[in-house]
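Chemist: My questions all concern the structure below.
Since every read-out is calculated from the coordinates, none of them should be taken as a lab result. Please read all numbers here as calculations on a predicted model, not as lab measurements. Reconstructed Cβ throughout: ideal geometry from the backbone, glycine too, with neighbour counts over all protein chains shown.
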Amino acid sequence: MAKIRGDETQPEIVVRKFLFSKGFRFRKNVKTLPGKPDIVLPKYKTVIFIHGCFWHKHKNCKKAQLPETRKEFWEKKISGNVERDKKNIRQLKKTGWQVIVLWQCRLGKKQSDRWQKSLIEKLS
């Protein structure tokens with residue numbers, strides 16, 4: 001687990017390149033905000049979290065299945081992540097931020113039109 005990166009993941013880079021190409025300017029991994037959002041668009045008072053399906057327990061997703069070994073450990077670890085996500089999102093909304101969560105499995109090339117259109121609509 002020590003080798004797992006927390007930022008600069010491929011899904012984050014894909015979303016950032018898309019936003020930049022559309023003229024949006026943003027900050028990355030702002031430590032002063034709850035949850036250290038992956039992308040922050042201050043002008044729009046919007047934060048974007050790009051969640052890995054496994055680490056944040058994406059419902060009904062094949063990538064979110066827990067390993068067969070050490071099941072108790074993984075359930076505790078992943079449920080802790082989910083609870084922390086909920087708390088951070090609540091705090092951000094309470095302070096007036098719009099929160100957008102994008103899932104790793106939805107950022108593939110086959111679905112790029114869908115998430116890109118949805119993201120632009122939410123920022124307009």
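Chemist: Using Cα atoms only, what is the angle between the long axis of helix 10-21 and the major principal axis of the chain, expressed in degrees (0 to 90) to the nearest 10?
Modeler: 10
Chemist: Exposed loop trypsin sites (Lys or Arg not before Pro) only (DSSP loop, at most 11 other Cβ atoms within 10 Å): please give the longest stretch of the chain free of them, not including the sites.
Modeler: Value returned for the longest uninterrupted segment is 71-124.
Chemist: What list of ³J(HN,Hα) values in whole Hz, one per residue of segment 81-88 in order, does the Karplus curve 6.51 cos²θ - 1.76 cosθ + 1.60 (θ = phi - 60°) give from phi, with Gly and Pro shown as x?
Modeler: 4, 5, 5, 5, 4, 4, 4, 5
Chemist: Place a label point 7 angstrom from the Cα of residue 90 along the Cα-to-Cβ direction, then list the residues of segment 15-50 whose backbone nitrogen is under 11 Å away.
Modeler: Answer for segment 15-50: none.
Chemist: Follow-up. Would you compute, from DSSP H runs of 4+ residues alone, the mean residue ellipticity of the chain at 222 nm, taking -39500 (n - 2.57) per run and dividing by the full residue count, rounded to the nearest 500?
Modeler: The per-residue figure over the chain is -13000 deg cm²/dmol.
Chemist: Which of 54, 18, 73 moves the most in a Gaussian network model of the chain with Cα springs under 10 Å?
Modeler: Looking only at 54, 18, 73, the largest GNM fluctuation is found for 73.
Chemist: Oh, and also: Tell me, rounded to the nearest percent, the portion of alpha carbon pairs in the chain spaced more than 19 Å apart.
Modeler: That fraction is 50 percent.
Chemist: Could I ask something else about it? Stick to the Cα atoms of segment 47-109, pair each with every other, and give me the Kirkwood hydrodynamic radius in Å at one decimal.
Modeler: About 12.7 Å for segment 47-109.
Chemist: List, in the order given, every pair from 43/110; 62/110; 36/86 whose Cα-Cα distance in the structure shown is over 18 Å.
Modeler: Check vs 18 Å cut-off fails for 43/110.
Chemist: What's the longest bit of the chain with no exposed GluC sites (Glu not before Pro), using DSSP loop states and at most 11 other Cβ atoms within 10 Å as the test?
Modeler: In short, 9-67.
Chemist: Right, another one. Report the calculated FRET efficiency for residue 18 and residue 45 (r = Cβ-Cβ distance, R0 = 22 Å), to the nearest 0.05.
Modeler: My answer for the efficiency is 0.65.
Chemist: State, as an integer percentage, the relative contact order of the chain based on alpha-carbon contacts under 8 Å between residues 6 or more apart.
Modeler: Result for the chain is 24 percent.
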